[in-house]
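The block underneath contains the structure these notes are about, expressed in structure tokens.
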């Protein structure tokens with residue numbers, strides 16, 4: 001398997017793992033009070049949009065020629081890093097919210 005296909009598979013696995021974490025966060029957020037639940041819902045929606053963007057870039061990457069895949073790889077990496085960061089911040093806010101109950 002060439003390096004492009006390896007990268008596609010690696011990123012797909014990361015996106016799948018992020019999707020599971022977002023599902024878990026969404027379930028945990030459902031247990032919050034109405035005001036906090038709304039905030040978590042907005043964060044989850046933002047994360048889902050980021051994940052959709054990343055999956056779109058991944059699709060483009062998998063169909064790109066060898067000359068352009070470096071650019072797509074960098075764009076996709078940026079999206080994944082932002083999604084992970086947003087997920088971490090949302091989880092932290094959720095945990096802090098639980099402590100304040």
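Taken together, the values in this text are just the output of simple stated rules run on the coordinates, not laboratory data. Remember, it's a predicted structure, so these values are computed and weren't measured experimentally. Quick reminder, even Gly has a Cβ in these numbers, built from the backbone with ideal geometry, and neighbours come from all protein chains shown.
Observations on the model:
- Two-site FRET efficiency, residue 45 against residue 13, from Cβ-Cβ distance with R₀ of 25 Å, rounded to 0.05: 0.60
- Among 33, 23, 53: highest mean-square fluctuation, GNM of the chain, C-alpha pairs under 10 Å: 33
- Most mobile of 39, 71, 62 in a GNM of the chain (Cα contacts under 10 Å): 71
- Here the range 10-82 was treated as a single set of alpha-carbon atoms; its pair distances binned every 5 Å from 0 give 3, 16, 24, 19, 13, 10, 7, 4, 2, 1, 0 percent.
- Taken along the Cα-to-beta-carbon direction at a fixed 7 Å, the label points for residue 28 and residue 56 span 2.9 nm.
- Counting only DSSP H runs of at least 4 residues, each contributing -39500 (n - 2.57), and dividing by the residue count of the chain, the helix-based mean residue ellipticity at 222 nm comes to -31500 deg cm²/dmol.
- Given their separation in residues at 0.36 nm each and the Cα-Cα distance between them, residue 21 and residue 3 gain 3.8 nm when the chain is fully extended.
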